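Structure first, commentary second.
The values are calculated or read from the model by the stated rules, or taken from the named source; none is laboratory data. In this text the structure is predicted, and so the values were computed from the model without any measurement. When we count neighbours, we look across all protein chains shown, and the Cβ atoms used for this are built from the backbone with ideal geometry, even at glycine.
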């Protein structure tokens, strides 16, 4: 027998999903906590204005945590309905669902840490550099290069050399492509 909730129009299915969000918000403190953390992360993105890749990573991480919390809520509700008494097998199911939330949250914290480290490396620990837009340069970060000082273009030396090689045209290392630490701290 097919459930009357199956194969319904999109608007009806959307209503079911929204009802699930409302139920989780009303009944689950953990869901409310995760949703508030996601909202704070979005506010942090709006304030820091990182590069689009960081927006994507943070949004994916937040979505994974909230989705894992929703799955955990559904599994717990179903397990409690099917077997209200304590049972070792039910405990394993609930513990594994809770562990999924923990793994997703730890991953989201890892993304946040990577973004903060990139901010610190490029923006300094004293806050936003003056006179230019504060951006995280994730693509340069991924290959170990620092962006140029005015924050808009490719790493120093890469555009002039015309070489995609890590050693550059003259066989120099990354140090020749990146501004010196002492020069960065004295000018920025």
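Which residues, counting only those in region 24-53, are within 13 Å of residue 73 (Cα to Cα) and either touching a strand residue (DSSP E or B) at 6+ places or on another chain (Cβ under 6 Å) or touching a residue at least 40 places away in the same chain (Cβ under 8 Å) (or both)? Of everything in region 24-53, those that are within 13 Å of residue 73 (Cα to Cα) and either touching a strand residue (DSSP E or B) at 6+ places or on another chain (Cβ under 6 Å) or touching a residue at least 40 places away in the same chain (Cβ under 8 Å) (or both) turn out to be 24, 27, 28, 30, 31, 34.
Taken over region 1-31, the residue count meeting the criterion of being in a loop (DSSP other than H, G, I, E, B) and more than 20 Å from residue 62 (Cα to Cα) is 9. Total residues in region 20-33 satisfying the condition of being over 19 Å from residue 106 (Cα atoms) and surrounded by 11 or more Cβ atoms within 10 Å (Cβ to Cβ): the figure is 7. For region 2-47, which positions are under 30 Å from residue 116 (Cβ atoms) and in contact with a helix residue (DSSP H, G or I) (Cβ under 7 Å, 6 or more places away or on another chain)? The answer is 24, 25, 28, 30, 31, 32, 34, 35, 38, 41, 45. For region 34-48, the tally of residues that are surrounded by 12 or more Cβ atoms within 10 Å (Cβ to Cβ) and within 18 Å of residue 105 (Cα to Cα) stands at 8.
Taken together, the residues in region 49-71 that are surrounded by fewer than 18 Cβ atoms within 10 Å (Cβ to Cβ) and in a helix (DSSP H, G or I) amount to 9. Report yes if residue 99 is under 19 Å from residue 33 (Cβ atoms), at pLDDT below 95 and in a helix (DSSP H, G or I), otherwise no. So residue 99 fails the test.
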